[in-house]
1. Using beta carbons and a limit of 7 Å, which pairs, at least six apart or on different chains, have the first residue in region 183-205 and open to solvent by 30 Å² or more (accessible area, probe 1.4 Å) and the second one among the polar types (S, T, N, Q) and modelled with pLDDT of 95 or more?
2. Looking only at residues in region 205-242 that are among the small types (Gly, Ala, Ser), in a loop (DSSP other than H, G, I, E, B) and at pLDDT below 95, which one is farthest from Gly126 (Cα to Cα)?
3. Mind checking which residues of region 163-196 are within 18 Å of Ala217 (Cα to Cα) and of a type in the set (Asp, Glu)?
4. Pairs, please: C-beta under 6 Å, at least 6 apart or cross-chain, first residue closer than 16 Å to Ala56 by Cβ and in region 97-109, second among the β-branched types (Val, Ile, Thr)?
5. Could you check region 155-165 and list, in sequence order, the residues that are in contact (Cβ under 8 Å) with a residue 24 or more places away in the chain and either open to solvent by 40 Å² or more (accessible area, probe 1.4 Å) or out of contact with any helix residue (DSSP H, G or I) (no Cβ under 9 Å at 6 or more places or on another chain) (or both)?
6. Applying the selection to region 81-103, what residues are at pLDDT below 95 and surrounded by fewer than 18 Cβ atoms within 10 Å (Cβ to Cβ)?
7. Is there a residue in region 14-31 that is modelled with pLDDT of 95 or more, hydrophobic (A, V, I, L, M, F, W, C), closer than 23 Å to Ala236 by Cα and in a loop (DSSP other than H, G, I, E, B)?
8. Tell me, yes or no, whether region 38-55 has at least one residue that is at pLDDT 95 or above and closer than 29 Å to Ala204 by Cβ.
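The values are calculated or read from the model by the stated rules, or taken from the named source; none is laboratory data. The model shown is predicted, which means the values in this text are computed figures rather than measured ones. So basically every Cβ, Gly included, is an ideal-geometry build from the backbone, and we count neighbours across all protein chains shown. Just so you know, the surface numbers come from the protein's heavy atoms only, side chains and all, with ligands and any DNA or RNA stripped out. Shrake-Rupley method; radii C 1.70, N 1.55, O 1.52, S 1.80 Å.
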Amino acid sequence: MTAKTDMTRPKLIDQEALTHHRARARLDRAGFLHDEARFELQERLLDVNRTFTSPAIVTSFPDQWADFLPDAVIVPDEDVLALDPGAHDLVCHVLGLHWAEDPVGQLVQCRRALRPDGLLMVAMLGGETLHELRAALAQAESEVMGGLSPRVAPMGEIRDLGGLLGRAGLSLPVADRLPQRVTYQTMFHLMRDLRDMGETNALAARHKATPPRALFARAAQIYAERYPAEDGRITATFELVFLTGWSPHDSQQKPLRPGSAAARLAEALDTTEFDETARPVPAPNTRGQE
């Protein structure tokens, strides 16, 4: 008899909890990240200088994005996106990819929904987000409970997130970041904002038992000591990451083959090109100078 191995990957996200958190979100009280993402995406669309006639928006907050693009199709960021293949010349995936169980799969679906030379724009939270809260909770939990549990969702670093575009088959990939540093009266005010954003803990491996009251009291104390702001407040970081890629098309620029340059860089810069025998000039001895 041949033994069968269960190759099913454990779920990272508790989708039922995530849906519940988003349903109770109050973006009218804590929608500043959506406002910032909206402004930045508008700026990038102006830079593209192209008219898009069949856009789509992927978001779990349709009311917040309903008027962003005229006549846009709006679909939720579920595992399977309700986008028709080749139906759109622009797809915007906004503030949901950091919760995706399979982010590359989400990008592949967006690319398939694009026509040739169509544009994908993504706004998401990156790895620097809430690093202060993560550190304070980890230290407090280690002290109070003698161990750690996942309390803040892992988020990708920009160098890795940019690589996802190529893996999804998109051309001319660009990734950039926009850190947002916000101050709060206490850690508990920050956590209230996270609840209103729909961004509280929805990790499948989270501890579901009610933690002791001392845990969060100690975490708030550590937070205030390690990450102070003016007037006795605390600092929280939200890192917005923007990804841009194009559906492949023959009209797009192609990278040149190595060695195909027609002129030397030194000639263009009107400077001297050194070969492998060149040696640096020793710096003057400045010891004892003020």
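1. Every condition considered, the pairs that remain are Thr183/Thr235.
2. For region 205-242, the residue satisfying everything is Ala209.
3. The answer is Asp193, and nothing else.
4. Note: pairs meeting the criteria are Leu97/Val122.
5. Scanning region 155-165 gives Glu157, Ile158, Gly162.
6. If the condition is that a residue be at pLDDT below 95 and surrounded by fewer than 18 Cβ atoms within 10 Å (Cβ to Cβ), then Glu101, Asp102 are the ones that fit.
7. So far as region 14-31 goes, yes, one or more of its residues are modelled with pLDDT of 95 or more, hydrophobic (A, V, I, L, M, F, W, C), closer than 23 Å to Ala236 by Cα and in a loop (DSSP other than H, G, I, E, B).
8. No, every residue in region 38-55 fails to be at pLDDT 95 or above and closer than 29 Å to Ala204 by Cβ.
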